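Each reported figure results from applying straightforward, stated rules to the coordinates on display, with no laboratory input. Note that the coordinates shown come from a computational prediction; the quantities given were computed from them, not determined experimentally. Neighbour counts run over all protein chains shown; Cβ positions are idealised from the backbone, glycine included.
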Amino acid sequence: MALGMGFTKTNEEWPKEVTHARIWDIGCTWKDIHVAADTYNWARLDEVMAKMEATGYKHITYVIAATPQWLAKYPTQGHSAPWLGPGTNSMPHNVDEFNKFVHNLATRYKGRIKAYEIWNEPQLADFLYPYDIKELNTLATMSKRAYKTIKSIDSNALVLGASILPRPSSGGMKKAKKYLDAMKEKGYPVDAWTCHIYPVGNTNQGQNPQGTKGSQDNKTMGHRNRVRIATRTNQS
């Protein structure tokens, strides 16, 4: 089992015991970089990548999420995470622009970013709203295009599904299934699924989605041969 972490600041010491790192909540989301059509600001992500590599992290995952407001289908809608701002929880009105970002990202960091997670916690309105068939189908389409694009540039990189929230307070696997069904229609275009299990106290909530022994989870989450990765497990 590998030990990984996510960080929110670069002006502090990071533990050297960590081998895996996840880039999110540190000021270099999609909206921070893709500032206008065909215009990118890579400075912050360059800084984060350089520090992670200097600290010795061997497996870096980048989360592709948070739509730039200029590209959002619903640029002024509510519910978005306050630290990300309006429009970030909307799907883009032009998937081609999303794919341009993916292409530039994978090209710039080929061989350095080892995995790309396509969206963060879509079950939460903070990150995807509305959570309906139409928007989930768009997310699944984005995932399929991202998979093809990333693999054409860096065949060794992993493409990960959006982080699923098994906990009941976030809708659990019943809500997650709507996303998984949309992904099924696109042929499950991922190498692995991701979960944010957020265990609470001494309950078994974080042990396995739905609290099962695994067979039902694998059925719900697509194929038996796809790995599940817990990319966040902190106490809530």
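Details
- Maximal additional length on extending the ASN11-LYS58 stretch stands at 14.9 nm, based on 0.36 nm per residue less the C-alpha distance.
- Two-site FRET efficiency, THR19 against HIS103, from Cβ-Cβ distance with R₀ of 22 Å, rounded to 0.05: 0.20
- If R0 equals 30 Å, the separation of the Cβ atoms of HIS79 and LYS177 corresponds to a calculated FRET efficiency of about 0.90.
- Computed over neighbours whose Cβ is under 14 Å from that of SER169, the net charge equals +1, Lys and Arg +1, Asp and Glu -1.
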